[in-house]
Structures are given as C-alpha cells and as structure tokens.
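Undergrad: Input: one structure, supplied below.
The values are calculated or read from the model by the stated rules, or taken from the named source; none is laboratory data. Small disclaimer: the values here were computed from a predicted structure and weren't measured. Here the Cβ positions follow ideal geometry from the backbone for every residue, glycine too, while neighbour counts run over all protein chains shown.
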Amino acid sequence: MVTLKEIAKAAGVSTATVSNVINGKDNHVSEETVSHIREIISQLGYIPNEAARSLAQRKTRLVALIQQGAPDENILTNPYNAVYIGALTSCLSKKGYYPMIRVTDDYNSIEQDIRGWNVAGCLFSGSFGVNLKHLQFLKTVPVVFADCYLEFPDVNVVALDDEAGGRLAGDYLTDMGHRRIAFIASSLKYSEVDQHRLSGFRESLARHGLSMPDAFIYPDSNLDHHMDRLAHLMADPDTRPTAFFCCADITAAILIKRFGQLGLRVPQDVSILGFDNLPLASYCTPCLTTISQDIPAKAEAVTDMLIRHIEDSQQPPERVLQGVRLVERESVARIQP
C-alpha cells in the first residue's frame, strides 16, 4: 500500500503538504505543486484509507439517511422515494460525503444506530413527529429534516408548502368548473404532509362555497381495498365526483387504471389531479396534470443545509419552505356550465 511518505518523497514535498492536497486544504499550495502531487498520486495508485482517516480525525464523511417505514419495506418501489433519494445521493457525492440508508419506524433504534455509525450528520425524511425530541443525538449531531412537521425549536427543516399545494389544487379544479371533488390521501392518519394538503384543499373549496362530504374523502391510497366503495360512489353520474385530487402521482396513475376497469374515461367522464410531478406523470395515458414540487432542488437544499451545520456547529437553526406550481397536461377536463 502506497503511503503519504512515499508520495511526498516522489514529489519532493513534505507529508503535510501531500496530506493537505489530498484533504482539499490546498489554499496555500501553488497550483503547480498541487498538479504535480496529484500526478504522483495517480502514477503510484494511491487510495486513501477512509477508515484510518476517520479514526485520526475522529469524524467520518458518512451521512445517515433515515427514512420512515417498516424495516422490511423496499422504499425504492415508491417512485417519489426513488427520485428523492437518488437526487440526495448525487448531491452528497458531489460534496464528498457518503450516504448510509436506514429504514425504520422504531424511534429507540435510531439513536443507537447514529452513535454506532459515528456519522458526520443525519438526514430525516418522513413524518417522524414529536417523539424525536426525546433523542439526545439531536443535540450532538447535525440533523436536517425534510417534509416533517416538527413543533419544537432548534431543528433544521426543509419543507414544502403543502397547504399552498392543496389550495392550488382546489383553485384549479374549481376554476375548471368542478363542484363535486373527491380527495385521496396516501396515509391521512399518519402523514402530516397529507393532512396539510387536505387542509389547504378544504380552505380553497370553502372560499368557493363548496365542501366535501365524508364519502368523498379516502384516507389512504389502498385502491384495491377501496374498489367496491369507489365503484358504488361512481355508479350515479348525477351525484358522483367529477374530479379527484390525489396526494401522490402514483395514486393518480393507479386511479386512472382503476377507472378504466370501471368503464370510466379520464378526463371525459372524470378528471384526476396528482401531486409531485414525478417522471411517471408524463408516461401516463392520459398524461397527468399535477401539482409540481422541485425534488432535486429539495435534495440540494437539504444537502447544503446539513453541510453548513457540519462545517460550523454554531450555525443557527434554519427552516426553508419551498413552493409549488401547477403543471397542466391532459387528465383534467373543463366542466361546461
């Protein structure tokens, strides 16, 4: 194994200079010397020993990605998770950090894992709730939460304006002439994101003099479980919803298929509006009109915020709220008065 001492001898510099170049601390080293050292490193095939470096510096370049879910759950089958985690991994890699993914719904195991891994920082995604306030590592390891509604101070959060998304959905569907509109959550009981989207949606409908009966609200996206109820709801053209607002594009895509099985056409017989603007929204037939969030921008904001707090532990807590926009495609029809 090639050592720093051998590189320094070949380059004619000190081992400290070689170490600075390898660790990116080369502000006081000439460009010519940096280039020469890197050339020697390449020629000799030097590979940094990350484990030894972590022990010496008492810190790692590891970042824990904590995703809420059952331990045996394959979170990457969810298209949103796949896009977000993929973007997050890319952002971390560009900054020289390495992700370790942990899927759990056990609060007590999280702290043990974080301490055992000796991570540089921690990223949370999902509605973990206030139970996390009791975990001591929040005070010792830089942490950023995404899409979490945490009601205690001194935490870093990158959130989406979910209520604005709900209002935008309601405003658009009512402007398109719809008066009987149903709502399908991903998990209304457990997801504060869904709860805020529903709150904004209700607010919009109320401004237009509308409301949703309980029969028009589906608390989760298990459409196989809800097929009998859905078929009954859609049986009467005079009373059925003319539009559905889904809290996720994947739910909207499945709903298009389920309506086809019931002999209903989208958007001729019923309109569907999604949320997220995932790539699949462009692949559906018809292509999905949706409330768009910029997922790569969210991943970048989360990464940048975490690294700021890793590099400067005195940084004050931050909260970033990202906006949404409507992307109009083919799945919503205008209702003629």
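Undergrad: Between a first residue in segment 304-326 that is over 21 Å from Pro99 (Cβ atoms) and a second residue that is at pLDDT 95 or above and hydroxyl-bearing (Ser, Thr, Tyr), which pairs have beta carbons less than 9 Å apart while being 6 or more apart in sequence or on different chains?
TA: That search, which allows pairs on different chains as well, returns Val324/Ser292; Arg325/Ser292; Leu326/Tyr172; Leu326/Thr289; Leu326/Thr290; Leu326/Ser292.
Undergrad: In segment 302-316, is there at least one residue being closer than 16 Å to Cys246 by Cα, among the hydroxyl-bearing types (Ser, Thr, Tyr) and surrounded by 14 or more Cβ atoms within 10 Å (Cβ to Cβ)?
TA: Within segment 302-316, none of the residues are closer than 16 Å to Cys246 by Cα, among the hydroxyl-bearing types (Ser, Thr, Tyr) and surrounded by 14 or more Cβ atoms within 10 Å (Cβ to Cβ).
Undergrad: Out of (1) of a type in the set (Lys, Arg); (2) over 16 Å from the mean Cα position of the chain (by Cα); (3) in a helix (DSSP H, G or I), what's the single condition that is false for Lys298?
TA: The failed condition is (2).
Rundown of residues vs (1) of a type in the set (A, V, I, L, M); (2) in the same structural domain as Asn78 (by TED's automatic domain parsing); (3) crowded, with 19+ Cβ neighbours inside 10 Å; (4) in a helix (DSSP H, G or I), yes/no style:
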site: Asp228; (1), (2), (3), (4): no, no, no, yes
site: Asp236; (1), (2), (3), (4): no, no, no, no
site: Thr251; (1), (2), (3), (4): no, no, yes, yes
site: Ile256; (1), (2), (3), (4): yes, no, yes, yes
site: Gly263; (1), (2), (3), (4): no, no, no, no
site: Asp269; (1), (2), (3), (4): no, no, no, no
site: Gly274; (1), (2), (3), (4): no, no, yes, no
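Undergrad: Another question about this same structure. List pairs: first residue in segment 37-48 and aromatic (Phe, Trp, Tyr), second residue not in a loop (DSSP other than H, G, I, E, B) anywhere in the structure, Cβ distance under 7 angstrom, at least six positions apart or on different chains.
TA: Note: pairs meeting the criteria are Tyr46/Ile7.
Undergrad: Only residues that are within 18 Å of Ala333 (Cα to Cα) and either in the same structural domain as Leu88 (by TED's automatic domain parsing) or not in a loop (DSSP other than H, G, I, E, B) (or both): list them for segment 276-295, please.
TA: Ala281, Ser282, Thr289, Thr290, Ile291
Undergrad: Determine which member of the set Ala252, Ala281 is closer than 17 Å to Phe216 by Cα, within 29 Å of the chain's Cα centre (by Cα) and of a type in the set (Gly, Ala, Ser).
TA: Ala252
Undergrad: Restricting to segment 54-87, and then to whatever is more than 25 Å from Ala248 (Cβ to Cβ), at pLDDT below 85 and not hydroxyl-bearing (Ser, Thr, Tyr), can you tell me which residue is surrounded by the fewest Cβ atoms within 10 Å (Cβ to Cβ)?
TA: Arg58
Undergrad: Could you check how many residues of segment 269-301 are among the hydrophobic types (A, V, I, L, M, F, W, C) and touching a residue at least 60 places away in the same chain (Cβ under 8 Å)?
TA: 9
Undergrad: Here is a follow-up. Which members of segment 1-15 meet the condition of being in contact with a Leu (Cβ under 9 Å, 6 or more places away or on another chain) and under 16 Å from Val29 (Cα atoms)?
TA: Within segment 1-15, Ile7, Thr15 meet the criteria.
Undergrad: Ok, one more. Report, by residue number, each residue of segment 203-220 that is farther than 17 Å from Leu262 by Cβ and not in a helix (DSSP H, G or I).
TA: Residues satisfying the conditions are His208, Gly209, Leu210, Ser211, Met212, Pro213, Ile217, Pro219, Asp220.
Undergrad: For residues in segment 79-117 being in a loop (DSSP other than H, G, I, E, B) and either of a type in the set (Gly, Ala, Ser) or out of contact with any helix residue (DSSP H, G or I) (no Cβ under 7 Å at 6 or more places or on another chain) (or both), which is farthest from Lys189 (Cα to Cα)?
TA: Gly96
Undergrad: Something else now. Does Ile310 satisfy the criteria of being touching a Phe, Trp or Tyr at 6+ places or on another chain (Cβ under 9 Å), outside the structural domain of Asp171 (by TED's automatic domain parsing) and not in a loop (DSSP other than H, G, I, E, B)?
TA: When the stated conditions are applied, Ile310 passes them.
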